[in-house]
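My questions will all concern the structure given below.
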Amino acid sequence: MEVSSLFSAKALAQVDGDLAERALGQLGLDREVITTPANRVPVEQHHALFEALAQTEQPDISFHMRTSGSMRLEDFGLLGLTMRSAPTLRRSIERLDRYARLFNPYSVFAFAEHGTDGWWTNTRTVATEGGRLSNEAALGTLLTLWRDANGSDLTPARVQFMHQPVGSIEPLRAHFRCPITYGAPFDAIVLRGEDLDRQNRVGDQHIWDFLRANLEQSLGVTEEDGVDREVVICVANALSDGVPRLQDVARDLGIGSRTLQRRLAERGHSYQSLVDEARREVALRLVAEGRQSLVEVAFLTGFAEQSSFTRAFKRWSGKTPRAFREEAPRAPAIASAQALHRNGTLRA
C-alpha cells in the first residue's frame, strides 16, 4: 500500500538538510523519488522515514507537528480548492471524507456525529514508532487544513490516540490546543457542533456547487474508488438484523451483484473481508462506548453466539471484549454504525 509523496516531502523539509540526507542514506531512499509530487511512497518506507527523522530530534520530537503545520489546502489541488470554497466546515469535512483515501489509503478514516459533536476517526493500528508519529501527523494535518478553510482559531474539543506518547507531547499540545489523551480505542479528533456549522472564510455556494459537481471527473476518479467503504457502511448499518447478503448490499448501492464483486476484486477485497471489517469497526466502538452489554454488542454485530463474538474480537484487538472495555477511556465514544450511514460518510 502506498501514500502520496507529499507527506514525505513535507517532513524532509522540516529537518536540517544534512540530517535529512543522513536519514535518507540510512534507508537507501532517493530524495528525488520520494519528494516528487506525482509519486507514491510505500507506507512501510514512509513510516521508516518518520522513524529515522525522529532519531535526529530525540527526545523532543516535533518535526511531524511542524510537517502538519506546513500543509496548505493548495497542496491538495482541486480537492483543497473545493474544501476552501465549501460554505461551512462541515461541508469541507464531507469532501475530505470522500477523497482522503486517494492521498492516504492506509489509514481507515471515517466521519460521524455523536450527539452534537463530530468525530473524525482513524481505526488503523500501527506497531512502529514511525507509524505512530505518522498517525499523529495525519490528525494534525487534517486540523491544519480545516483551519486553512475555516480560521486559525478553530480548536477541537479533544484529540485521542490509540498509542502511548512518542517523546514529548508539548508539540502536540501547541498544535492541537486542546486536551489530548492516549491509550484510546481509536484515534480521533472531536469537533463541537457549533464549529462544524461555522462559515468558512471564503466559502462560496456557487463555486462550491460547481466544483463539487466536477471534482470526480477532474481528479479522474469514480464512485468505484470508494465502493469498498460504501460496502462497509452498508453492512455496518444492517448488522443488527444479521449479516446482509451481497446481493442485498449491491441493490442498496444501485449496482449488480457481479459488478460489485468485480469492483471489490479489482481493489483487492472480497465481500467477506469487508463484512469482517464492518463487524470489527462496530464492535470496537460499541464495546468502548460501554452503553450496551457485551451480549448485546455480539447481537448488534451479527453474531449468534457469544463465544464466536469473543474469539473474533480477540482476533481484531488482541484482547477479550471485557478487557478491552475495562481499559477503554470513559470519555464519550464515536457514534454507532447507524450514525455513519445516516450521515452518508461517502455520499456527502
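The values are calculated or read from the model by the stated rules, or taken from the named source; none is laboratory data. Just so it is clear, the model here is predicted, and its values are computed rather than measured. Please note: Cβ atoms are built from the backbone with ideal geometry, for glycine as well, and neighbour counts cover all protein chains shown. Ligands, DNA and RNA are excluded from the accessible area calculation, which covers all protein heavy atoms including side chains. Shrake-Rupley method; radii C 1.70, N 1.55, O 1.52, S 1.80 Å.
Any chance you could give the angle, 0 to 90 degrees and rounded to 10, that helix 227-238 forms with the longest Cα principal axis of the chain?
Helix 227-238 sits at roughly 40 degrees to that axis.
I've got another one for you. List every residue whose amide H lies under 5 Å from the amide H of residue 158, counting only residues 5 or more places away in sequence or on a different chain, with H placed 1.01 Å from N in the peptide plane.
For residue 158, whose amide H was placed from the backbone, the distant partners under 5 Å are 190.
Further, regarding this structure: Under the rule of at least 5 residues apart or a separate chain, name every residue whose amide H is placed under 5 Å from the amide H of residue 187.
Close amide H contacts, sequence-distant or interchain: 122, 162.
Now for a different question. Between residue 116 and residue 320, what is the label-point separation in nm under the 7 Å Cα-to-beta-carbon projection?
My value for the distance between the label points is 4.0 nm.
Between residue 248 and residue 44, what is 0.36 nm times their sequence separation minus the Cα-Cα distance? Round to one decimal in nm.
Stretched fully, the residue 248-residue 44 segment lengthens by 69.8 nm.
Among the DSSP beta bridges whose two residues both lie in the chain, what percent are antiparallel, rounded to the nearest 5?
85
Return the calculated 222 nm mean residue ellipticity for the chain, to the nearest 500 deg cm²/dmol, obtained by summing -39500 (n - 2.57) across DSSP H runs with n ≥ 4 and dividing by the residue count.
The helix contribution divided over the chain gives -17000 deg cm²/dmol.
In region 1-94, what percent of the accessible surface is made up of carbon and sulfur (1.4 Å probe, ligands and nucleic acids excluded)?
Looking at region 1-94 in its full context, I get 50 percent from C and S.
Would you mind calculating the relative contact order of the chain from Cα pairs under 8 angstrom and at least 6 residues apart, reporting the percent as a whole number?
It comes to 18 percent, rounded to a whole number.
Could you work out what % of the accessible surface of region 281-331 is carbon and sulfur, using a 1.4 angstrom probe and leaving DNA, RNA and ligands out of the count?
So the carbon and sulfur contribution to the accessible surface is 52 percent.
In bins 10 Å wide, starting from 0, what share of all Cα pairs of region 1-83 does each bin hold, as a percent?
Spelled out per bin, shortest first, that is 18, 51, 25, 5.
How big is the dipole moment of the chain about its Cα centre under a simple scheme where the beta carbon of each Lys and Arg is +1, that of each Asp and Glu is -1, and everything else is neutral? Debye, nearest 20, please.
Roughly 760 debye for the chain.
If you wrap a convex hull around the Cα atoms of region 71-181, how much volume per residue is inside, in Å³?
Expressed per residue, the convex hull around the Cα atoms of region 71-181 is 106 Å³.
Also, quick follow-up: Between 297, 36, 180, whose Cα lies farthest towards the positive end of the dipole of the chain when Lys and Arg beta carbons carry +1 and Asp and Glu beta carbons carry -1, centred on the Cα centre?
Towards the positive end, the residue furthest out is 297.
Per residue of region 3-15, in order, report the coupling 6.51 cos²θ - 1.76 cosθ + 1.60 (Karplus, θ = phi - 60°) as ³J(HN,Hα) in whole Hz, putting x for Gly and Pro.
10, 4, 5, 3, 5, 5, 4, 5, 5, 4, 5, 8, 10
Something else about it: Viscosity 0.692 mPa s, temperature 37 °C: what is the translational diffusion coefficient of the chain from Stokes-Einstein with a Kirkwood Rh over Cα pairs, rounded to a whole number of µm²/s?
Here the translational diffusion coefficient equals 156 µm²/s.
Arrange the peptides 147-157, 227-237, 306-316 so that the one whose residues have, on average, the most other Cβ atoms within 10 Å appears first.
Ranked by mean Cβ neighbours within 10 Å, highest first: 227-237, 147-157, 306-316.
Quick check for you: with a 1.4 Å probe and neighbouring chains kept, what is the accessible area per residue of the chain, in Å²?
43
Ranked from the most accessible area to the least, with a 1.4 Å probe and all protein chains present, what is the order of 30, 204, 248?
30, 204, 248
Something else: For the charge dipole of the chain, defined by +1 on Lys and Arg C-beta atoms and -1 on Asp and Glu C-beta atoms about the Cα centroid, which residue among 8, 100, 167 has the Cα displaced farthest towards the positive pole?
Looking along the dipole axis, the top candidate is 100.
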